[in-house]
Amino acid sequence: MNTNTSNLIPAFGLGTFRLKGQVVIDSVKNGLDVGYRAIDTAQIYGNEAEVGQAIAESGVARSSLFITTKIWTDNYAKDKLVPSLKDSLAKLRTDHVDLTLIHWPSPGNAVPVAEFMGALAEAKAQGLTKHIGVSNFNIALMKEAIAAVGAQQIATNQIELHPYLQNRKVAEFAKSVGIHITSYMTLAYGKVLNDPAVEALAKARNATAAQVVLAWAMQLGYAVIPSSTRRANLEGNLKAQQLRLTDAEMAQIAALDRGERLTDPAGLSPAWD
């Protein structure tokens, strides 16, 4: 068993997927104001500069933040990855990020896993990022990444994971080799918030449906990075950290799995487990 990496990754962060311009600036500033300290962005989101601006204007010390970005598929080649990350750092107004992920498998395996993982490890060696990891990797790809750099180097695999898609095979393999899981789309674009079972649990616990689902994911040991444009929701989501579900409540949510995948872009997605 390799060193457990879960203590490296904050359990709760703020996602910025699909948020642009002033919307993302306001979301990040509000998030930082109500107590978020981990921010997740990506090169392809087209909002790194706005995230950097929001952080700069927030007055929160860089040393108390955990910033994640993701390398886009166009930048996987050995000669492109580090320069692209330096470009991201300039936009984010920082000399390093805390975590850098490979965003998707290389389309058509155009750049071999060993090449981009090696380049990512080089970025870490140069001090451009404190930790490295992957996103949207299936078991076979995780095995290739491990062969390239070692499991202890891979801080997380960020995957779609919510009550309707619990991704147990990937999560169990990751756990077996000491790779932490970060759940994205934990609320399934809000779909699970209207689930009768989730609504009943929330009512019984005097909590929001979002709090129940986020608490469920964190209790399984996953990090979560929900996004919101509303300050009240940002504050409410953060309170999920104080909620502990019973074994019976956890089992009720476990029973909701139906393999419903919401993110499956053609040409990017691997053969899912």
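The values are calculated or read from the model by the stated rules, or taken from the named source; none is laboratory data. All values reported here derive from a predicted model rather than from experimental measurement. Neighbour counts run over all protein chains shown; Cβ positions are idealised from the backbone, glycine included. Surface areas here come from the heavy atoms of the whole protein model, side chains and all, with no ligands, DNA or RNA. Shrake-Rupley method; radii C 1.70, N 1.55, O 1.52, S 1.80 Å.
Would you please give the FRET efficiency between Lys20 and Lys203, computed as 1/(1 + (r/R0)^6) with r the Cβ-Cβ distance and R0 = 35 Å, to the nearest 0.05? Each step should come with its number before you reach the end.
On the way: r = 35 Å, r/R0 = 1.00.
Approximately 0.50, to the nearest 0.05.
For the pairs Lys124/Lys175; Lys29/Lys78; Lys20/Lys86; Lys80/Lys143; Lys130/Lys203; Lys20/Lys239, flag any whose C-alpha to C-alpha distance is greater than 30 Å. The partial results should precede the final answer.
Values: Lys124/Lys175 23 Å; Lys29/Lys78 35 Å; Lys20/Lys86 21 Å; Lys80/Lys143 24 Å; Lys130/Lys203 41 Å; Lys20/Lys239 25 Å.
Over 30 Å apart, Cα to Cα: Lys29/Lys78; Lys130/Lys203.
Percent antiparallel among DSSP beta bridges with both residues in the chain, to the nearest 5?
Around 5 percent of the beta bridges assigned by DSSP in the chain are antiparallel ones.
Once every DSSP H run of n ≥ 4 in the chain is given -39500 (n - 2.57) and the sum is divided by its residues, what mean residue ellipticity at 222 nm do you get, rounded to the nearest 500 deg cm²/dmol? The partial results should precede the final answer.
Working: 10 runs with 110 residues, N = 273.
The per-residue figure over the chain is -12000 deg cm²/dmol.
In Å, what Rg and Dmax follow from the Cα atoms of region 73-230?
That works out to 17.4, 55 Å for Rg and Dmax.
Can you send over the solvent-accessible area of Asp33, 1.4 Å probe, protein chains only, in Å² to the nearest 10?
Roughly 100 Å² of Asp33 is accessible to a 1.4 Å probe.
Taking the Cα of Arg93, stepping 7 Å toward and past its beta carbon, and measuring to each backbone N in region 16-37: which are under 20 Å?
16-17, 19-37
Quickly rank 208-221, 180-193, 234-247 as a protection proxy: mean count of other C-beta atoms within 10 Å, highest first. Write down the numbers at each step before the final one.
Numbers: 208-221: 22.1, 180-193: 20.5, 234-247: 16.2.
So the peptides 208-221, 180-193, 234-247, ranked by packing, come out 208-221, 180-193, 234-247.
When ranked by the protection proxy of mean other Cβ atoms within 10 Å per residue, highest first, what sequence do the peptides 75-83, 132-140 form?
Sorting 75-83, 132-140 by mean packing, highest first, produces 132-140, 75-83.
Distances over 26 Å make up what percent of all Cα-Cα pairs in the chain? It would help to have the intermediate numbers written out before the result.
Numbers: 14651 of 37128 pairs.
Here the long-distance tail beyond 26 Å is 39 percent of all Cα pairs in the chain.
Compare the Cα positions of Ala49, Gly21, Trp72 along the charge dipole of region 13-95 (+1 at Cβ of Lys, Arg; -1 at Cβ of Asp, Glu; about the Cα centre) and return the one farthest towards the positive end.
The residue sitting most towards the positive pole is Trp72.
Taking a ≥ b ≥ c as the square roots of the eigenvalues of the Cα gyration tensor of region 212-273, is the shape rounded (a/c under 1.5), prolate (a/b larger than b/c) or oblate? Spell out each step's value before the answer.
Values: a/c = 2.62, a/b = 1.30, b/c = 2.01.
Oblate shape, in that a/c is at least 1.5 and b/c is the bigger or equal ratio.
Multiply the residue gap between Arg37 and Lys175 by 0.36 nm, knock off their C-alpha separation, and tell me the result in nm, one decimal place. Could you put the intermediate results ahead of the total?
On the way: separation 138, 0.36 × 138 = 49.68 nm, distance 2.51 nm.
Length difference between fully extended and current span is 47.2 nm.
Is there a quick way to get the dipole size of the chain? I mean about its Cα centre, with the Cβ of Lys and Arg at +1 and of Asp and Glu at -1; what is the value in debye to the nearest 20?
Details: 26 positive and 25 negative charges, 68 e Å.
With only Lys, Arg, Asp and Glu charged at Cβ, the dipole is about 320 debye.
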